[in-house]
1. Write down the accessible area per residue of the chain in Å², having rolled a 1.4 Å probe over the full set of protein chains.
2. Full extension from Arg39 to Lys62: what is 0.36 nm times the residue separation minus their Cα-Cα distance, to one decimal in nm?
3. Under the definition of Cα pairs under 8 Å and six or more residues apart, what whole-number percent is the relative contact order of the stretch 5-66?
4. With Cβ to Cβ distances under 10 Å as the rule, what net charge do the other residues near Ile11 carry (K, R +1; D, E -1)?
5. Using a Cα-Cα cut-off of under 26 Å, which lysines could be cross-linked to Lys42, ignoring same-chain neighbours fewer than 8 residues away?
6. Using the scaling law 2.2 N^0.38 Å as the reference, what is the normalised Cα Rg of the chain?
7. Express the carbon and sulfur contribution to the solvent-accessible surface of the chain as a percent, rounded to the nearest whole number, probe 1.4 angstrom.
8. Tell me, what ³J(HN,Hα) does each residue in the stretch 26-37 have, in order and in whole Hz, if you take phi through Karplus 6.51 cos²θ - 1.76 cosθ + 1.60 with θ = phi - 60° and put x for Gly and Pro?
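The values are calculated or read from the model by the stated rules, or taken from the named source; none is laboratory data. In this text the structure is predicted, and so the values were computed from the model without any measurement. Note that each Cβ is placed from the backbone with ideal geometry, even for glycine, and that neighbours are counted across all protein chains shown. All accessible areas refer to the heavy atoms of the entire protein, side chains included, with ligands and DNA or RNA removed. Shrake-Rupley method; radii C 1.70, N 1.55, O 1.52, S 1.80 Å.
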Amino acid sequence: MRGKVVETEKIWLTAHEVAKYLGVSTDYIRSIRESGRLRYYKPFGNKMIFYKKADVDRFVEKGKQL
């Protein structure tokens, strides 16, 4: 019997992945991070920055409703 590979959803994203997910530039991601509107994490010191996908989704949900 062979095992089945199940695709899982990523929890942690890089700025590049967040930008691709939202369809915006990495400069915009940096801007909203620096303004304090998007939470970020630096688990390994100053070089690597990660974003929780759930935080990104909450940021989008807080946007203006039409």
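1. Ligands and nucleic acids excluded, the result is 89 Å² per residue.
2. Details: separation 23, 0.36 × 23 = 8.28 nm, distance 1.33 nm.
Result for the pair: 6.9 nm of gain on full extension.
3. Values: 52 pairs, mean separation 21.8, N = 62.
In percent, rounded to a whole number, it is 35.
4. Details: positive: Lys10, Lys52, Lys53; negative: Glu9.
Net charge in that neighbourhood comes out at +2.
5. Straight-distance partners of Lys42: Lys10, Lys20, Lys52, Lys53, Lys62.
6. On the way: Rg = 14.5 Å, N = 66, 2.2 N^0.38 = 10.8 Å.
In units of the globular-protein estimate, the chain measures up at 1.34.
7. Values: 3100 of 5840 Å².
Answer for the chain: carbon and sulfur cover 53 percent of the accessible area.
8. Ordered by residue, 3J(HN,Hα) equals 5, 4, 5, 4, 4, 4, 6, 5, 5, 7, x, 7 Hz.
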